[in-house]
Amino acid sequence: MRALVTGGAGFIGSHLCEALAARGDTVWVLDDLSTGRFENIEHLTDRITCVIDSTLNQETVRELVRDVDVVYHLAATVGVQLVVSQPVQTIVNNIQGTETVLEETCRYRKRLLITSTSEVYGKSMKEVFAEEDDSVIGPTSRHRWSYAASKAIDEYLAMAYWLEKRHPVVITRLFNTVGPRQTGRYGMVIPTFVTQAIRNEPLTVYGDGKQSRCFAYVGDVVPAIIALMDQRDICGDVFNIGNDESVSMEELARRIIARTGSASTLRYVSYDEAYGPGYDDMRHRRPCLKKVRAAIGYQPKTSLDAILDAVIADVRRRMDPNAARASCP
Ligand code: UDP
């Protein structure tokens, strides 16, 4: 199989490339290195071909799509911090980039998988989010919701391509995917807390810390993405992928302190201070996994403690320049 991975130098993309290359696929990466990092795929350069460009460049997308069998579209502006500080880039990249990839994959009839996000459920207070549930997002004056809205438009567009043009596309909604190589630079909580704990700095718990999330290990998520791509009879449909073990941010911070043996304490930070005025967080977010389980037999295997240990080891390695150099093949 010849596969194109947009956003392949990103955190999830690089793990996907690794898995595809390991099973013998020929892999091309298209990444503008905005949030992705070349170091993420440096160890794969003998097995993959990397093109540094944007999905907004239609010519490049067209040339790459023409020469592959399938396309995994992961390129997007992600991370709450980035979304809040650069709303124009978020909206344009996410909508125009996906539109370009849809147009070109449809032109050459190439199967496409799009990664969307649990953000599209918004601030719904349901205990568990299933694919057919309502999306409840805030007003347009609150930029945080531009990410959810842009990804929802991507989903509508993908569905429309299937309905109108029979373009074979499948959508995955990822719920807080975490693991090695994820950076805290754009606000993601686990690498942020782990870095703070290793440095013995206070862990910045936003709000009252009672909000909860379910964290899924990238090593569980990537095989599910590949299995959904491989299941050729699935088209024009959307699937949650995640983990259903829930944890509050306060409890998460405490566990990370314990597992790193850190002397850190918790520092409660208001949302206004963390993200600027007018931020809306969602209290709880847990995926219903029935649909993806029925489709591909998906079952997340990695516990939160095992995830934390993997991330702690990775952050420690990256913070130690000598160890980081030694681990490079
Ligand atoms: N969060 C936190 N401290 C941080 C970063 C994030 O308490 O330093 C909180 C954030 O407000 C949210 C949760 O952790 O309630 C998950 O944040 P993240 O940005 O990782 O993902 P989200 O679920 O918001 O997309």
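The values are calculated or read from the model by the stated rules, or taken from the named source; none is laboratory data. Being a predicted model, the structure only gives us computed values, none of them experimental. Neighbour counts run over all protein chains shown; Cβ positions are idealised from the backbone, glycine included. Calculation scope for accessible area: heavy atoms of the full protein, side chains included, ligands and nucleic acids excluded. Shrake-Rupley method; radii C 1.70, N 1.55, O 1.52, S 1.80 Å.
Brief remarks follow.
- Helix 189-198 and the long axis of the chain differ in direction by around 40°, with both axes built from C-alpha atoms.
- Modelled spin labels at I153 and Q58, positioned 7 Å past Cα toward Cβ, are 1.7 nm from each other.
- Of the solvent-accessible surface of the range 59-165, computed with a 1.4 Å probe and all protein chains present, 54% belongs to carbon and sulfur.
- Span from the the range 226-263 Cα centroid across to the the range 17-44 one, whole angstrom: 21
- Fully extended contour minus Cα-Cα distance, from A294 to M125, at 0.36 nm per residue: 58.3 nm
- Each Lys or Arg adds one and each Asp or Glu takes one away; over the other residues whose Cβ falls under 9 Å from the Cβ of V61, this sums to -4.
- Solvent-accessible area per residue for the chain (1.4 angstrom probe, square angstrom): 42
- In the range 1-58, Cα pairs under 8 Å separated by at least six residues give a relative contact order of 38 percent.
- The chain: Cα Rg divided by the 2.2 N^0.38 Å rule of thumb: 0.96
- The tail of the calculated P(r) for the range 138-252 beyond 24 Å holds 42 percent of all Cα-Cα pairs.
- Annotation for the range 281-314 versus the range 80-104: alpha-carbon center distance of 26 Å.
- GNM flexibility winner over the chain from Q96, Q231, Q299 (Cα, springs under 10 Å): Q231
- Using the Cβ-Cβ distance between E245 and E42 with R0 set to 35 Å, the FRET efficiency from 1/(1 + (r/R0)^6) comes to roughly 0.60.
- Angle between the chain longest axis and helix 11-22 axis [Cα atoms, degrees, rounded to 10]: 50
- Relative contact order for the range 112-212, counting Cα pairs under 8 Å that sit 6 or more residues apart, in percent: 28
- Residues of type lysines that K210 reaches as a straight line, Cα spacing below 24 Å, ignoring anything fewer than 8 places off in the same chain: K123, K126
- The chain, relative contact order [Cα under 8 Å, separation at least 6], %: 17
- Isotropic mean projected area of the C-alpha convex hull, the range 1-152 (nm²): 9.6
- GNM flexibility winner over the chain from R286, R181, R199 (Cα, springs under 10 Å): R199
- Max mean-square fluctuation residue, GNM over the chain, Cα-Cα springs under 10 Å, options Y268, Y121, Y72: Y268
- The stretch between R109 and D305, if pulled fully straight at 0.36 nm per residue, gains 66.3 nm over its current Cα-Cα span.
- Crossing angle, helix 87-107 versus the chain [Cα axis fit, 0-90 degrees, rounded to tens]: 30
- Sorted largest first, the principal axis extents computed over the alpha-carbon atoms of the range 216-298 equal 50, 35, 17 Å.
- Equivalent ellipsoid semi-axes - Cα gyration tensor, the range 75-195, angstrom: 25, 17, 15
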